[in-house]
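The next block holds one structure in the form of structure tokens; read it before the comments.
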Amino acid sequence: MNDALGSVQSVLVLGGGSDIALATAKALVRSRCRTVVLAGRDPESFAGAAKELHALGAETVESVVFDALAPETHEAFVADVFERFGDIDLVLVTFGVLGDQERAESDASEARRIVETNFTGAVSVLVPMSDALRRQGHGRIVVLSSVAGERARRSNFVYGSSKAGLDAFCQGLGDSLAGTGIRLMIVRPGFVHSKMTDGLDPAPMSTDPDQVAHAIVAGLSRGSEIVWVPGPLRYVMSVLRHLPRAVFRRLPL
Ligand SMILES: NC(=O)c1ccc[n+]([C@@H]2O[C@H](COP(=O)([O-])OP(=O)(O)OC[C@H]3O[C@@H](n4cnc5c(N)ncnc54)[C@H](OP(=O)(O)O)[C@@H]3O)[C@@H](O)[C@H]2O)c1
């Protein structure tokens with residue numbers, strides 16, 4: 001349960017190996033979260049993260065198998081997690097792939113992998129997850145969307161469209177949860193230095209996983225519904241979103 005200060009005491013991370021997830025889990029543990037469940041395709045690889053979280057004060061750190069690309073397992077995964085770990089205050093959805101845009105333009109299997117991970121996989125697990133949280137009667141969901149979903153760019157429109165779908169789904173899901181005691185927060189970072197962007201030229205206003213984690217924790221305590229990282233990206237995107245297509249497509253984005 002959340003304590004009197006409203007801080008999160010237990011978190012389930014979908015995409016437990018993500019750099020942003022680990023930074024966020026650490027920030028949560030520093031603000032009194034005691035139980036962390038890391039879910040991902042290779043739970044053994046979470047041993048180092050578990051050690052770091054224990055060192056910061058986490059009492060329980062568990063690793064479980066979760067594959068966004070195996071939607072047929074998601075209902076049972078959710079049931080199992082709630083049975084094993086009981087109360088979950090926060091579900092952090094951080095799994096995702098950037099994919100290979102160039103390949104995806106001529107190889108539908110790569111385009112499907114991106115969309116099925118980032119969009120279909122998230123929808124597939126968020127439906128039983130939000131249902132389980134409704135039954136629990138309280139909880140928060142944080143979903144990593146992206147500025148890339150705000151307006152699809154020529155250079156990464158497959159990833160961008162998967163995040164646009166995810167973002168739209170989460171806006172509606174958040175609205176459907178209003179009044180239930182469950183709240184959903186969408187996070188829209190710009191370029192973040194992480195495993196996902198290793199070797200890519202950083203875009204302007206780039207951040208790192210700690211800055212995203214800080215924005216997530218601040219957004220949770222404010223009760224925000226949408227968080228941009230960094231904050232001013234919101235204003236940049238509100239201009240870019242309204243540019244005529246002929247102009248937008250010529251920008252070096
Ligand atoms: N980095 C950025 O610039 C940026 C910007 C905006 C939004 N975001 C979003 O923020 C989130 C976290 O990104 P990050 O920067 O922390 O990247 P990251 O370190 O590469 O983390 C992505 C995680 O997703 C997991 N994953 C991929 N496919 C999966 C699947 N089928 N099932 C379960 N897990 C899967 C990966 O696990 P494996 O080890 O199994 O591959 C990895 O742990 C992502 O949703 C990303 O789209 C990132």
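The values are calculated or read from the model by the stated rules, or taken from the named source; none is laboratory data. Keep in mind that what you see is a predicted model, and the values were worked out from it rather than measured. Here Cβ is always computed from backbone atoms with ideal geometry, including for glycine, and neighbour counts include all displayed protein chains. Each accessible area value is taken on the protein alone, full model and side chains, heavy atoms only, with ligands, DNA and RNA left out. Shrake-Rupley method; radii C 1.70, N 1.55, O 1.52, S 1.80 Å.
Points worth noting:
- 2 or more residues in contact with a strand residue (DSSP E or B) (Cβ under 9 Å, 6 or more places away or on another chain): qualifying helices (runs of 4 or more DSSP H) within segment 106-189: 121-136, 157-177
- Pairs with Cβ under 6 Å, 6+ apart, first in segment 108-134 and of a type in the set (Val, Ile, Thr), second away from the ligand (no atom under 13 Å from the Cβ): 123/169
- In a residue-by-residue description of segment 68-80, the property of being more than 16 Å from the ligand (Cβ to nearest atom) and either under 23 Å from residue 198 (Cβ atoms) or at pLDDT below 95 (or both) applies to no position.
- Test: residue in segment 212-220 that is modelled with pLDDT of 95 or more and open to solvent by 70 Å² or more (accessible area, probe 1.4 Å): yes
- The lone criterion from (1) within 12 Å of the ligand (Cβ to nearest atom); (2) crowded, with 21+ Cβ neighbours inside 10 Å; (3) under 22 Å from residue 218 (Cα atoms) left unmet by residue 162 is number (3).
- Scan segment 82-102 for residues that are within 16 Å of the ligand (Cβ to nearest atom) and of a type outside the set (Gly, Ala, Ser) and the total you get is 10.
- Meets criteria (of a type in the set (Val, Ile, Thr), within 28 Å of residue 27 (Cα to Cα) and touching a residue at least 60 places away in the same chain (Cβ under 8 Å)) for residue 212: yes
- Residues in segment 191-207 that are touching a residue at least 60 places away in the same chain (Cβ under 8 Å) and of a type outside the set (A, V, I, L, M, F, W, C) were compared, and the one that is surrounded by the fewest Cβ atoms within 10 Å (Cβ to Cβ) is 195.
- The residue that is nearest to the ligand (Cβ to nearest atom), among those in segment 175-187 that are under 15 Å from the mean Cα position of the chain (by Cα) and open to solvent by less than 20 Å² (accessible area, probe 1.4 Å), is 187.
- Among the candidates 165, 149, 172, 96, residue that is in contact with an Asp or Glu (Cβ under 8 Å, 6 or more places away or on another chain) and of a type outside the set (Asp, Glu): 149
- Candidates 61, 91, 81, 97 - the one that is open to solvent by less than 30 Å² (accessible area, probe 1.4 Å) and in contact with a His (Cβ under 7 Å, 6 or more places away or on another chain): 61
- Residues in segment 199-227 that are touching a Pro at 6+ places or on another chain (Cβ under 9 Å) and either aromatic (Phe, Trp, Tyr) or not in a loop (DSSP other than H, G, I, E, B) (or both): 5 in all.
- The one condition in (1) farther than 16 Å from residue 15 by Cβ; (2) part of a loop (DSSP other than H, G, I, E, B); (3) not hydroxyl-bearing (Ser, Thr, Tyr) that residue 95 fails to fulfil: (1)
- Residue within segment 16-27 that is outside any strand (DSSP E or B), of a type in the set (Lys, Arg), near the ligand (Cβ under 10 Å from one of its atoms) and surrounded by fewer than 23 Cβ atoms within 10 Å (Cβ to Cβ) present: no
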